[in-house]
Structures are given as C-alpha cells and as structure tokens.
Protein chains: 2
Amino acid sequence: MTKENATSQAGSDGEIASEFTLSATSAGREVRPLSHFHEWWADRHRNGNFEVTRVPFEQLDDWHFESGTGNLRHTSGRYFTVAGLRVRDGSAGTPWEQPVLNQPEIGILGILAKYFNGVLHFLMQAKMEPGNVNSLQLSPTVQATRSNYSRVHRGAHTRYLEYFREPRQGRVLVDVLQSEQGAWFLGKRNRNMVVRTDGDVPEHEDFHWLTLRQLRALLGVDHLVSMDARTVLASLPLAPPRASLARTGAAPGTSGTTAHPRPFTDALLRSYEPEHEGGGALHTRYELLSWFTERKTALDWSVDLIPLADVRNWRRDADEIADDERREFRIMAARVLAENREVSKWSQPLLAPRGEAAAVFLTRTIRGVLHVLVQAMPQPGLRDLVELGPTVYVPPGGDPAAAAAGLPFGGAATGTDPERVRFDTTLSEEGGRFFHARTRYRVVEAGPDFPVEVPATHCWMTVRQLNDLVQHGHYLNIEARSLLACVHSLW
Amino acid sequence: MTKENATSQAGSDGEIASEFTLSATSAGREVRPLSHFHEWWADRHRNGNFEVTRVPFEQLDDWHFESGTGNLRHTSGRYFTVAGLRVRDGSAGTPWEQPVLNQPEIGILGILAKYFNGVLHFLMQAKMEPGNVNSLQLSPTVQATRSNYSRVHRGAHTRYLEYFREPRQGRVLVDVLQSEQGAWFLGKRNRNMVVRTDGDVPEHEDFHWLTLRQLRALLGVDHLVSMDARTVLASLPLAPPRASLARTGAAPGTSGTTAHPRPFTDALLRSYEPEHEGGGALHTRYELLSWFTERKTALDWSVDLIPLADVRNWRRDADEIADDERREFRIMAARVLAENREVSKWSQPLLAPRGEAAAVFLTRTIRGVLHVLVQAMPQPGLRDLVELGPTVYVPPGGDPAAAAAGLPFGGAATGTDPERVRFDTTLSEEGGRFFHARTRYRVVEAGPDFPVEVPATHCWMTVRQLNDLVQHGHYLNIEARSLLACVHSLW
C-alpha cells in the first residue's frame, strides 16, 4: 500500500519513471525468474494445436470477390477488404497502383499492468496468429478488432477485455490511436492502451506476468515479442531512473563520450531527460515540429481507393493476387485451426511479402546526449501520408544489403562493428494480416565522425522527444515504434 | 537590440509570453493607434474594385463536369474537385451521401511577425475573396494554395511568400497542419504558420502591421477578421503575462470567484498556466487524451469518396447542385473581378450554406481556473473523423435557437445575460470556397450551478490544455480554433 501511495503521488507522468527506479533497484525483491517464463512458453507450444494451410481463394468461407470491383470482402462487410490504391505524385507522370488492405475499424491493443512486490508487471499473452513464422508470439493482454470484441464471429468472449472498455476498473497509462503499415493498410488505426489495475487478476494459462526488464530482455529474441506488443511498449511514457542518472555524474557534454566507463548508456539515459531540464537536444520541439510540417507539405501525393479489379500490372489467379514482375507482395488465402482462440477454425486472406525487410535507427551522441536519426517517410496508406520512420528502411523483396547501399545512410546502417551494433534482432510484423512478414531491426551507433548536418529528409531527435511525440498519433510509424521499443531495451 | 536579445534568451516557448508582458506594459511605447488602421481599411475599400457575379456552370472557364463521375473539376486537375461522399455508420442502416470539396493539396496560411519598439506586430492583409459578405477581410500575410504558390494560374508572385518557404529568413513560431470544415471538405489541411523576422519588411499598400492587442479588439467586429487569420492566431503558443498573474495575488482556488474585483479575468489568466505549475486543471493531460481516444474509437463510421453523379437525393441543374429538400448547402458558380489579386479575373465554384451557423464555448470557473467545455465532434471529412469542437455547434440551415434547444447544453449556450456573454460576434468562414458562410461565435460563462459532471461527449479543458493540443494537428476543429482565438481576445 505504501508503494501504491507513492506511485499515486508521483502522478501520471511519474508513474513509469517510478517503475524504472524500482526495477533498477529491485534486485532483492521477489520477481519470478525468466526461467519460469521459458517453461511456460515451452508448455504453451506443447499444448497448442495450430494448423495453417494455404488454400485457393474459392475455399475461403465467408469471403468472396465482389462483383464489379473485384474487391475481396467478408460476408459481414467487416474485418477488412482487399481493394486497390492509386497514388499520384503531383510532380511526376504515371500513378502507381497496388492492392491494399482497407480496414477502417479501430482495434484494441491493450496491456494490463499491475504491481507485484513493488515492481510493475505486464500481463502478456501467448497468442497464435496464422501468419506467424512460429505460431505463437508474446502479445498484448488484449488484441481485438472491433469485429472481434463486438463478436461478429459469434465466438468466445475476449479475455480481460473489461479492463479496456468503459466503464473500466484501473488507471489508464497509455491510450492513443496509432497507424500500422502504411505500405499495406489504408488508414488503419489501432488503439494502443496500457491500463494499471490494483485488483486481483487471475493469470489464465495463456497469459504470463512479466516485468519491463524481462520484456526488454525478451525483445532480443528473434520472433518472440509481437509487433502489437512492441507498439504498445513503445508508447509507455518512460523517464530515466533518477538513481542511474545520479550515478552518471557531471552535466551533459562534460562527461559521457570521453573517460566515463559506459558512455553509450550514459548518453542514452540523458536522452530521456525533458528539454526544459537541460536534456540538451540538438533541436527544440518547435524546430522538430516545423521540420516535420515542412516534409508533409513538400509531399504532393494524392491517394485514391480504386477497385481491386482496376489495379494495373497485378493479376489474380486461383491461389493468389500478385504483381506481374513478382517483386511486391502477394495476397493469398489460408485455412486456420487454433484451439486457444475465440474461434477455433476459420479461413482468411493474408498478405505475404517476399523476403525480409530491414529497419535501422542510427544513433549518435551529440553534446553528451544520445540522438536518434529519424526519417520523414511517406507511405500512401497513412492518414497524414508522412510519419517518422527509421533512419533507413528497406522494404521486403530483393537483397536488403544491396538496397540499403543505395539509400541515404545505408552504408552506416549496415555496419557490423560489434562495438557499435547495439541491437540486432529479426522480428515479425502482425501475423493476423501478414504471412511471414519479417523485419531485421537494428540500432547502430554511428561513429564520432558521422555528420551532425543531415539532408532535409532526416532529423536528429532525443529519445525523450520521440517519447513525447508517440503520446500522439500521426507521428511515429509502426517501424519507428518497434525501433523505439528496441531502444528502450538498451539499458 | 536589447529587446531582441531578451527575446532570444527566452527561447521559443517564452517568445509569445514576452510579447504579452510587453503589450501589457507598453502604454508608453509608440504603437500606431487603431484609428490608423481604420483609415487604411476604409481606403482599401475605396480603392478596391471587386465584382462577384453568379453564373450558370457552363460559363465557368477551365472547370467542367467530368464524364462518368459527374465530378466538377479544374482543367489542370488541381485546386479542388467537387465530388461525392458516402458515410456509413456501422450501427445504423442507410448511409448518408452529400457533395464534398476534395482538395488534397496543402495551402499556406502564414502571418509574418516583427518587433517594432519592443512590441510584436503581425502583418495583416486586406484580402478580397469572392464568397465574403463584405468583399475584404483582414487576412494572413500569405494565404496561398499550392496551386497558387506554384503558380498554376500563371498569375503574379504571391507577396511575402519567401518568409514561409525554405530556405527562409526568420524564426518559426507556429508551423502546424490543421484541418478545415469537416462537413464540407474531404481531408483538407492547411499549413498554419507564424514567422518572426528581424529584417526590414516593406509594408505594401494592401498590408498593415497590427499588434496582438489590436487584433484582439478587431476580432469583436462582425466579419472583419477572416477565418484563416483566426486559425493562425489561435495556434500561437500563448502564456499569461507574469505581471498580470502577479496582480491576481493568491493561489488558484483561494481567490478569484469570491471577493476579487475581476474574477472572470483572473480565472482566465490562470487557465493559461501549465499543469505542472499548478494550473489546477480538472483533468490531467493523460485523462484528456484517453477520453478523446475513447470518443474516436466509439465512432464506427466508414467514409468513401464516390462520384458526384451517384450522390442520392441531390440534383444538378444549370445553376446549382442542391439537395431535394433544400435544407443543405448548394454548389454554385461565380465569375470574379478583383484588381488586387494575383490574377484579376477568374471563375470558380463556391459552396453556399443556407443561413447562419452558431458555435458556442461554454466556460466555467473550476477551482479558480477557467475551463472550456469542448465536444468530441465527428465530421466525415476529417482525417481522424473526430476532432474537438465547440460546446454547442449548430450547422447552418434552419433556426439556430430552435436547433440549439435540442442539443446538449443548448439552453445555457443561448443565454443572453450580458454579465455572462463574454463574446458574441458573427464571423465569416473561408470566402475562397464558401459563399456567405457566416457563424455566430459566442463565449458564454456558465453559472456556478452549472454541472461539472458532463456526458461522455464533452470534456472540460483549460485554455492551456487547448493551447498545448493546438500545437498538433487532428485536435481542434476549425470552429473550435476560431473560438479559441475569441477566448484569447478576452483579457
């Protein structure tokens, strides 16, 4: 109770900061070891019965190609529709066209949090998705489209949903609508939520409480922490543990990059400090917002939804919809058997990219403070068309290294010096819509010679500045949010 | 120069705060009196030669109805297109359909600012728009669509544009993409900018430097300050003048509503204080954002662009496009002669509402701090579908008082007690697209008995909270931004 009171006094802003401080000093407290997680995880795999089988489109239940448009739709008119997109660039000639997943409804991605022995824990789910490379991934407590939670499928009730719908018990720590893949979805938004409860919460066998420190460690395991978990974790309003900051000693700029034994970590911790407390950001918030507005204004795209049947240079056969050159993604159909889901059998379309994507945040210490190099990245399915993305993003298809080499900062981003590669893990994109969509996420520290001056497409920001922006929608795209979660895992 | 240095030291956040302080104590400084403005304004009217004539659609130059869709388009494919909109509410049956102005390109609304004798001035333009009830309105320094400033019309150069395009001289105080009428535009965004320069700026005869204090006074004049000027002024990062706050004496909650001689002004000034400085807001920022996310999630609309020819219950004749019941707006055509514009003659379609709209902010002092009651308002043309709007908004058409009576808080909003009606002026919506679109803007102080508990559609916010949100897009809709500018004029 003392802990609870302390937390309440800290207010919303301080809440997660307290947790950090606690977890940094909680060595003596009773926290279940990670081995307990691994046993549970292996057990979930043994107990699960999952089958995903590709089928021709005509074997889809409840899905059909609409006459006239050729759009692939669910009979209920809900879930999502595969339609076409036409993108015209005002300054160029030929528009580009592609299939797109049109899913106007808003889903909930919610993580339930609770203090145990003074340490904040998050209730994570072992969730099967048909597109996962490995069936199960560690997912938010609740992950439900409106069609799911309003039970269009007439399946079982979504577990723990009551914490995320009004009237709800518990305190909201995060609640923001965020975009998803702007290359594949049209205007998709999901509600990213973290709710803390003080009540008793039964731990169902498919769920497991983990601390933030444990989740950070697990983020380094290939294909374990799901995209939906990453985007929610990235949105936590984090502040640096005071104790750690105190240990780093002197003011920003005077230590850190020189004699100090852990310069990267120190610079990273300082990067969580707010501007007005001397965070030492290269750019003020006003400069960042103006730069971003300029990038959005510079883009002269107009984007129209068109019938799937009208999309040029793409073809549908019995099994898939693909581009003539076989370089882009495919739309295919699958039949799914999953015993622990709300509905245990269903069929659905999936979008299958060809090969692996690469997403890299380059970092550099400037005036003793770690800065992340973000890119203003246009994608046709984003409601504002431009959001902040990785320093370097290589879409799937083709050789990532070769493709990166042709992009700004591609050379630095593919660096392999183990002293500078701070994070390097291959993680999955949403397995509920995408089949085997994999991205290699890397955080790479640039050398001291790396230029502070960058082209207008890019901008240096502190972690705190990214953290402040991610409290709002329309700022960080899904790949940047995944990378931000990775950055959070580095101390 | 001393002044300039002081301002620079204050940093971006403090910039406008300094101006406030200065203007509150600048009685002895040389500022041109408002009579000078009025002479100039009368002179502009005398010198202007404006003619707006309604014509049948077939007399439009460079505009035509596209075969097939029936959309009304410019030959260049730019400016805007009149198309159709279909809005489906997931929980209801029949979709609603209407014409819509589709203008994907981003325009610039920019005000140039400069210190004269230590007082910040804004360069305002006497600008004619064909839909204005009175030809000229006081407008931003620059008001230009991309088609304008990239000179699709092959007209004259837009004056002062160089301050608002890269590489620019001067310092950016405001730079944010904001929505416009979500009932009439599809996804329209304009770039709201304020740039401060230290250089010499010639005052062209159609332009006039005014202080913020003068602009505030002019906001109370019917149809004088244009919508575009209001939205930019609303976005200024304002802070209360320290001197005024000091005069109000005791801590929030202990004075203000009781013995103090100017309780409304005191409560208003406190409403500009940031939360962490004891602003005493009813809700934390986290609670506000979560409430807003809930409102967006609760809405189950899907919105599709459709051909104008397919819009049900609307008809086109030689002169206008109108709904069968003659209750909504009309699309009509006009021929324009205007000697002081980039192009002196042109023709264009205009959207003409029937009658006047009403927009009201109800305010109430809570714990000594003025709060504004905002509404989460769905409009189909907004990219996020929901933004924050007035407490009460009555669209044009029909009797505003009768319509208000049927809405939540409609009774309080139509109050006429002169002690409580703090602002009451009829202002115009954008005359470049709308013909005689008028809104009666009111700020009404609710009585002490007015409930603090409100339905889920509404939420109390301090002026500071609104100010913080308006630094980002997708929060305050255009009517709320107009009202925020009105609130700024009240001290």
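The values are calculated or read from the model by the stated rules, or taken from the named source; none is laboratory data. On a predicted model such as this, the values are computed, not experimentally measured, just so you know. Cβ atoms come from the backbone with ideal geometry, glycine included; neighbour counts cover every protein chain shown. In case anyone asks, the SASA skips ligands and DNA or RNA and just uses the protein heavy atoms, side chains included. Shrake-Rupley method; radii C 1.70, N 1.55, O 1.52, S 1.80 Å.
Tabulated data for the structure shown
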item: Centroid-to-centroid separation of region A:46-73 and region B:191-205 [C-alpha atoms, Å]; result: 59 Å
item: Packing-based ranking, highest mean first, of B:398-411, B:439-452 given that Cβ atoms within 10 Å are counted; result: B:439-452, B:398-411
item: Residues of region B:458-491 buried by at least 50 Å² on assembly (accessible area, 1.4 Å probe, chain alone as reference); result: B:472, B:474
item: Per-selection metrics, chain B (Cα): Rg and Dmax in Å; result: 22.6, 70
item: Assigned charges on the beta-carbon of Lys, Arg, Asp, Glu; region A:354-447 dipole about Cα centre (debye); result: 100 debye
item: Among B:456, B:437, B:423 the positive-end extreme of the charge dipole of region B:423-471 (Cβ point charges); result: B:437
item: Charge dipole (debye, nearest 20) of the protein assembly as shown; +1 at Cβ of Lys and Arg, -1 at Cβ of Asp and Glu; result: 760 debye
item: Chain pair A, B: total accessible area buried, heavy atoms, 1.4 Å probe, Å²; result: 3500 Å²
item: Counting DSSP beta bridges with both ends in the protein assembly as shown, the antiparallel % (nearest 5); result: 80 percent
item: Estimated [θ] at 222 nm from DSSP helical runs (n ≥ 4, -39500 (n - 2.57)) normalised by residues in the protein assembly as shown, nearest 500; result: -6500 deg cm²/dmol
item: Calculated label separations, residue A:56, copies of the chain, 7 Å along the beta-carbon direction, nm; result: 5.7
item: Label distances, nm, residue A:67 versus same residue in remaining copies, Cβ-directed 7 Å point; result: 2.7
item: Percent of Cα pairs exceeding the 43 Å cut-off, where the set is the protein assembly as shown; result: 36 percent
item: Rounded to the nearest 20 debye, dipole of chain B from Cβ charges on Lys, Arg, Asp, Glu; result: 540 debye
item: Karplus-derived 3J(HN,Hα), 6.51/-1.76/1.60, for each residue of region A:193-210, Hz, glycine and proline x; result: 9, 10, 10, 9, 10, 9, x, 6, 10, x, 8, 4, 4, 8, 10, 8, 7, 9
item: Peptides ranked, highest mean first, by Cβ atoms within 10 Å: ranges A:51-57, B:73-79; result: B:73-79, A:51-57
item: Placed amide H near residue A:357: partners under 5 Å, 5+ positions off or other chain; result: A:438, A:439, A:440
item: Unit charges at the beta carbon, dipole of region A:342-392: most positive-side option, A:392, A:380, A:368; result: A:368
item: Axial C-alpha extent at least 18 Å, average Kyte-Doolittle at least -1.0 - helices from chain B (DSSP); result: B:2-24, B:285-298
item: 7 Å along Cα→Cβ, label-point gaps from residue A:161 to other copies, nm, shortest first; result: 5.4
item: Where chain A is the region considered: accessible area per residue in Å², 1.4 Å probe; result: 37 Å²
item: Shielding by other protein chains, A:172-179, mean Cβ within 10 Å; result: 4
item: For residues of A:295-304, the mean tally of beta carbons on other chains within 10 Å; result: 4
item: Nearest beta-carbon to the A/B symmetry axis - residue in chain A, distance in Å; result: A:383, 2
item: Table column - 3J(HN,Hα) (Hz), region B:299-316, Karplus curve with 6.51, -1.76, 1.60, x for Gly and Pro; result: 6, 10, 8, 10, 10, 10, 6, 10, x, 4, 5, 8, 5, 6, 6, 10, 9, 10
item: Sequence-distant residues sharing a close amide H with residue A:306 (under 5 Å, placed H); result: A:84, A:85, A:86
item: Protection-proxy order for peptides A:412-420, B:460-468, each taking the mean of Cβ atoms within 10 Å per residue, highest first; result: B:460-468, A:412-420
item: Neighbouring partner chain Cβ atoms per residue of A:283-294, average, 10 Å criterion; result: 5
item: Pairwise Lys count, the protein assembly as shown - Cα closer than 15 Å, eight or more residues apart or different chains; result: 6
item: Carbon + sulfur, % of accessible area of chain B - ligands and nucleic acids excluded, 1.4 Å; result: 49 percent
item: Karplus (6.51, -1.76, 1.60) ³J(HN,Hα), θ = phi - 60°, over region A:355-360, in Hz, Gly and Pro reported as x; result: x, 10, 8, 9, 9, 10
item: 5 angstrom amide H check on residue A:211, placed H, neighbours 5+ away; result: A:122
item: Relative contact order [Cα under 8 Å, 6+ residues apart], chain B, whole percent; result: 20 percent
